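The values are calculated or read from the model by the stated rules, or taken from the named source; none is laboratory data. Quick caveat, the model's predicted, so the values are computed rather than measured. Every residue, glycine as well, gets a Cβ built from its backbone with ideal geometry; the counts of neighbours run over all protein chains shown.
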Amino acid sequence: MKRSFYWFIDLYCSSDLKEPVTALAHSLNSSGIQIENNRMLIYFQDHDSAMQFSLMFSRLKKELVELGLKGQVDWSLKKGEFQQWNRSWQKSIRPVEVGRSLIILAPWHSYAGKRVRVIIEPGMAFGTGQHETTRLCLEEIERLSSRKPMSLLDVGTGSGILAIAAMKLGIKKVVAIDIDHDAIKAAIKNKEINKTGDILLVQASPSALKGHFDIVVANLTLKGITGVFKELKRLLDKGGNIILSGILIEQEHELLRFLASQGISEYRIIKKGKWLGLTL
Ligand SMILES: C[S@@+](CC[C@H](N)C(=O)[O-])C[C@H]1O[C@@H](n2cnc3c(N)ncnc32)[C@H](O)[C@@H]1O
């Protein structure tokens, strides 16, 4: 039966809190987040998920207060009608221009410009183009694609955004993997929308793969990257590049220490907001 209501958290907080709140909302399968100055509207498709967010946010807030958070936080759980939700949620998703040639669109956006279109159904998996770490990777893929690489491996593909962009930028062989079944389902849907059917999408971790790639990209977390780094190196072709992201700026030294321990001292660092990307 078609649901006619949705639930959302109407939250006011200082800008320091936006990052942990967004991460929490993503981990609880929020359907979308709208941010206007210090107000965040966090949408959920069912009441239980919204309640769970409320509960976990109370705990998160307590931990942050113990860590010295002083800013005021206020939130309430609200109910709305689906018709309005669609309109308001869709309005919160804006086209994102990335680098010199890409634009990330939702299926309902129309665009007549010259940029290469990557269409992503939002809310199904991480990777809508709204997050800095995704954009860091996209910009590096775009930059490296001018060297005409033949192949790319996307480790942790989420929505499939990096793999789809890579293929549309002319990379012929693109393999994308994720350990999460729902991410693979989302990536398959996005691959169909973009008509980039040649991307090979597999639910797997890098240890299951063979072969070599000119570019290996992994937008994970610092822990995730260090955990699979040996595999990323094994899958890289001689003279190829590894693009890493998902690292907070304050983790830079830890990451560089780790890379030094792996004998790597040549890299290009790029930063966006609180996030860091690295090309080796
Ligand atoms: C931050 S999202 C990145 C999504 C997309 N690539 C982007 O750049 O926006 C990380 C993804 O990596 C997946 N992941 C985490 N560890 C992984 C691993 N060891 N192997 C494959 N996928 C992994 C997660 O399930 C998640 O979908």
Next item on the list: Answer yes or no: is there a residue in region 257-277 that is in a helix (DSSP H, G or I), within 16 Å of the ligand (Cβ to nearest atom), at pLDDT below 95 and surrounded by 13 or more Cβ atoms within 10 Å (Cβ to Cβ).
Entry: no
Checklist line | Subset of region 182-199 [more than 17 Å from the chain's Cα centre (by Cα), over 22 Å from S30 (Cβ atoms), more than 13 Å from the ligand (Cβ to nearest atom) and surrounded by 13 or more Cβ atoms within 10 Å (Cβ to Cβ)] | finding: N194, T196
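Find the residue count for region 145-174, including only residues that are touching a residue at least 12 places away in the same chain (Cβ under 8 Å) and not in a helix (DSSP H, G or I). Don't jump to the end; show me each part of the working.
Step one: list which residues in region 145-174 are touching a residue at least 12 places away in the same chain (Cβ under 8 Å), which gives 145, 148-174.
Checking the rest, the ones that are also not in a helix (DSSP H, G or I) come to 148-160, 169-174.
The number of residues fulfilling the criteria is 19.
Just one of V202, V217, V228 is over 25 Å from E121 (Cα atoms), within 15 Å of the ligand (Cβ to nearest atom) and under 22 Å from the mean Cα position of the chain (by Cα); which is it? It would help to see each step written out before you state the result.
Values: V202 fails: over 25 Å from E121 (Cα atoms); V217 fails: over 25 Å from E121 (Cα atoms).
So the residue among V202, V217, V228 that is over 25 Å from E121 (Cα atoms), within 15 Å of the ligand (Cβ to nearest atom) and under 22 Å from the mean Cα position of the chain (by Cα) is V228.
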Item checked: Odd one out for A183, checked against (1) at pLDDT below 95; (2) under 15 Å from S151 (Cβ atoms) -> (2)
Margin query: Quick test for you: out of I177, I199, I188, pick the one residue that is farther than 25 Å from H109 by Cα and either in contact (Cβ under 8 Å) with a residue 60 or more places away in the chain or not assigned by TED's automatic domain parsing to the domain that holds H26 (or both).
Written below: I177
Next item on the list: Among the candidates A218, A166, A208, A204, single out the residue that is of a type in the set (A, V, I, L, M) and under 18 Å from L105 (Cβ atoms).
Entry: A166
Checklist line | Contacts under 9 angstrom Cβ, first residue in region 124-139 being closer than 17 Å to A23 by Cβ, partner more than 9 Å from the ligand (Cβ to nearest atom) and acidic (D, E), 6 or more apart | finding: T128/E121
Check: Scanning for something on the phi > 0 side of the Ramachandran plot and either free of Cβ contacts under 8 Å to residues at least 24 places away in the same chain or away from the ligand (no atom under 13 Å from the Cβ) (or both), does region 232-255 turn up at least one residue?
Finding: yes
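Which ones in region 145-168 are within 10 Å of the ligand (Cβ to nearest atom) and more than 16 Å from R115 (Cβ to Cβ)?
Within region 145-168, the first condition is being within 10 Å of the ligand (Cβ to nearest atom), and the residues that meet it are 154-163, 165.
The answer is D154, V155, G156, T157, G158, S159, G160, L162, A163.
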Margin query: If I ask for residues that are in contact with a Pro (Cβ under 9 Å, 6 or more places away or on another chain) and not in a strand (DSSP E or B), which ones from region 235-250 would you list?
Written below: L235
